[in-house]
Amino acid sequence: MPMETANMFNPASKVSKISHCSSMEQYKQMHDKSLKDPEAFWGEITKEFHFEEKVKGKFLDYNFDITKGKIFVRWLEGAKTNICYNCLDRHVLAGKGDQVAFYWEGNDPADAEVVTYGELLKDVCRVANVLKAKGVAKGDRVAIYMPMVKHLVVAMLAVARIGAVHSIVFGGYSADSLADRMMDAQASVLITADAVWRGPKLIALKEIADDALKLCSAKDLKVKMNLVVQHMNKVTAPQPASNGTAANGNVAKKTHFDDKVNWDPSVDVWWHEALSTVSSECDPVWMDTEDPLFMLYTSGSTGKPKGVQHTIGGYMLYTATTFKYSFDYHQGDVYFCTADIGWITGHSYVTYGPLLNGATSVLFEGVPTYPHTGRFWEIIEKYKVSKFYTAPTAIRALMKFGDEPVKKYDLSSLAVLGSVGEPINPEAWLWYYRVVGDSNVSIVDTFWQTETGGHVITPLPGATPCKPGSACFPFFGVDVALLDEEGREIKGEGEGYLVFCRPWPGMMRTVYGNHERFETTYFKKFPGFYCTGDGARRDSDGYIWVTGRIDDMLNVSGHLLSTAQVESSLVEHPSVAEAAAVARPHSIKGECLYCFVTLTEGNSFEDKLIAELKNKVRSKIGAFASPDFIQLAPGLPKTRSGKIMRRVLRKIAVGDKDFGDISTLADPSIVEKLFELRPKESKK
Ligand code: WTA
């Protein structure tokens, strides 16, 4: 083990003692084997799962080089399996039917429910039978638009059980977005719920779904059934304040739910009524490993959303294996991932990865700050969570409230803390480690994408000494390279385009209905490589530091800078909670830095602070990087999955109101506010 320093943290000994991979030597051996002999490495893992028929063709066949023909990836040719069977039946047959699959925790702390593997399986079979009775068959697309409730897990597994393809649309999307995605997928069934409370806000899912269905029918998409979960009669509503605003002062569109949902008997079917008339048994459909499992539209911080398509066999092996090793999962752990199932993190690490491992997880319906800012920590204490997985945006949002809301709870059960979604700045990493983890945990900063299906660069919590802000090393089967602009490989230390040289089992196979878009987006720039679109740096110890989307890079006076670098120096200042840096054209420097900062509670935006912040960047990076403009940002424009949309900030920086498509923003109103707050000197 290297010496522990302020920049290097060894794995927690309580983790490495029992770990599936407990040293860097073991990691290197396993990683080498996974590259030298993928068939032996993954072949061994296939033995843990049920395959109805074994591999008959090639174990792995692919082409990554667009100059040589069509891009394709195939794993486990000829084998047949069913992922739902592997998530549920396999465990129930092994006598684990009574084990808890999910502790469901509602938006309101008064609401909770326990769901076992046996119960899940029965409900999944019932829904599968309901779908079959409506004529849904292998290959058909089913859209799912639901809150974080067990029915969502049931719905996706039921679709997978009968060989259909799920397309889950995050429950915060508008009717237009839902309709666009349903049209693109040509979905024949929709599954939704009456409504949900998210924090103090009511989201009228059924109403939004009705609007989406109208949009679809105007474009000739015939939807056979809208299966609706009745959820609101089972949950506690937030207490509305007397002035009509919801409990914490936010004005909700509606502050009560009146039980009356519009009903169109020609398509609408209540979930509980449909389930009461069918059998709780249903044979799985044995599928080819390369048949599609689901499509998921990427969050779209740039461009039009794409239907990323994953297939069954490789995705199953990969999510199961990454879950086991990245979180070092053991029977008896209680695992809690805060991501919504509407995102890839929820697909891979709320549903598939944990269930394939027979794990016990927390499924949380609410938000981190409702009814109070200690909600995550309260849940960790309640269920004695040992493995916790969240996003830097949530960590930074909670850091703003200081240590006190964390310290109120007993978090001593924690052993591994994960991060995903964007580069985690060292400041947030250290707070996560020291305050949440009490300096006695392993942190895993997992880098991956909707497209990669599972973690591709990540520390292993029992093995890897971590440097805060670095995602460390490639996962098994992943062959990483950094390329320069001309496509030459950068060996050793350096910074460039982050690419992968060969397929790992969990990667996407195509863009739904548009294979050419798949090829041009990921394989055209550098023939022979999968291009992530992210930049990365390799340091002298071989650690990989993902620096952010290449499109967001800054070029100041000929120096290439990553947004992550600038933003993490700003966030080191105690008054700054969050920051975003973009480039603004400059007559001399080519580009200059324009930064947006959100302040922590109780601080005001004054000239003194601006000067301190400029100095901070200057001292951390260099005089050339000193920002020309710093503007106050009460909030940042983020996609619904929490990613900053920097292309909008670039427009604000130059005073251009032509923002392009901002419909995927969580709160589009922030854009106008930021525009008004532009500093005077930037208007010249
Ligand atoms: C970014 C989320 C740095 C990256 C699973 C990537 C990260 C995009 C990290 C994918 C991380 C995700 N460090 N950057 N640990 N994790 N990213 O498709 O830019 O929503 O390309 O998948 O998020 O986002 P997506």
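Values for this structure:
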item: Residue in the stretch 18-41 that is within 28 Å of the chain's Cα centre (by Cα), under 15 Å from THR289 (Cβ atoms) and modelled with pLDDT of 95 or more present; result: yes
item: Residue that is nearest to GLY307 (Cα to Cα), among those in the stretch 160-189 that are crowded, with 22+ Cβ neighbours inside 10 Å and out of contact with any Lys or Arg (no Cβ under 9 Å at 6 or more places or on another chain); result: ARG181
item: Lone qualifier among GLY477, GLY418 - being assigned to a loop (DSSP other than H, G, I, E, B) and either touching a residue at least 24 places away in the same chain (Cβ under 8 Å) or more than 24 Å from the chain's Cα centre (by Cα) (or both); result: GLY477
item: Enumeration of residues in the stretch 103-148 that are under 23 Å from MET232 (Cβ atoms) and either in a loop (DSSP other than H, G, I, E, B) or free of Cβ contacts under 8 Å to residues at least 24 places away in the same chain (or both); result: GLY106, ASN107, ASP108, PRO109, ALA110, ASP111, ALA112, VAL114, GLU119, MET146, PRO147, MET148
item: Helices (runs of 4 or more DSSP H) lying entirely in the stretch 322-401 (those with 2 or more residues that are open to solvent by 10 Å² or more (accessible area, probe 1.4 Å) and within 16 Å of the ligand (Cβ to nearest atom)); result: 392-399
item: Restricting the stretch 563-580 to residues that are among the small types (Gly, Ala, Ser) and either touching a residue at least 60 places away in the same chain (Cβ under 8 Å) or open to solvent by 40 Å² or more (accessible area, probe 1.4 Å) (or both), the residue that is nearest to the ligand (Cβ to nearest atom); result: ALA564
item: All positions within the stretch 649-669 that are over 17 Å from LEU593 (Cβ atoms) and touching a helix residue (DSSP H, G or I) at 6+ places or on another chain (Cβ under 9 Å); result: ASP656, LYS657, ASP658, PHE659, GLY660, ILE662, SER663, THR664, LEU665
item: Index of the failed condition, VAL435 passing every other in (1) within 16 Å of the ligand (Cβ to nearest atom); (2) more than 24 Å from SER22 (Cβ to Cβ); result: (1)
item: Cβ pairs under 6 Å, 6+ apart, first in the stretch 330-343 and among the β-branched types (Val, Ile, Thr), second not in a loop (DSSP other than H, G, I, E, B); result: VAL334/THR360; VAL334/TYR383; THR338/THR390; ILE341/LEU152; ILE341/VAL350
item: In the stretch 535-549, residue least open to solvent (accessible area, probe 1.4 Å) [restricted to those that are of a type in the set (A, V, I, L, M) and within 9 Å of the ligand (Cβ to nearest atom)]; result: ALA536
item: THR520, sole failed condition from (1) open to solvent by 10 Å² or more (accessible area, probe 1.4 Å); (2) in a helix (DSSP H, G or I); (3) within 15 Å of the ligand (Cβ to nearest atom); result: (3)
item: The lone exception for PRO503 - which of (1) within 16 Å of the ligand (Cβ to nearest atom); (2) crowded, with 22+ Cβ neighbours inside 10 Å it fails; result: (1)
item: Per-region count, the stretch 171-230, residues assigned to a strand (DSSP E or B) and of a type in the set (Lys, Arg); result: 2
item: Single residue of ALA158, ALA137 found to be farther than 24 Å from PRO368 by Cα and out of contact with any strand residue (DSSP E or B) (no Cβ under 9 Å at 6 or more places or on another chain); result: ALA137
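The values are calculated or read from the model by the stated rules, or taken from the named source; none is laboratory data. Since we're looking at a predicted model, the values are computed, not measured. All Cβ positions, even for glycine, are placed from backbone atoms using ideal geometry, and neighbour counts span all protein chains on display. Each accessible area value is taken on the protein alone, full model and side chains, heavy atoms only, with ligands, DNA and RNA left out. Shrake-Rupley method; radii C 1.70, N 1.55, O 1.52, S 1.80 Å.
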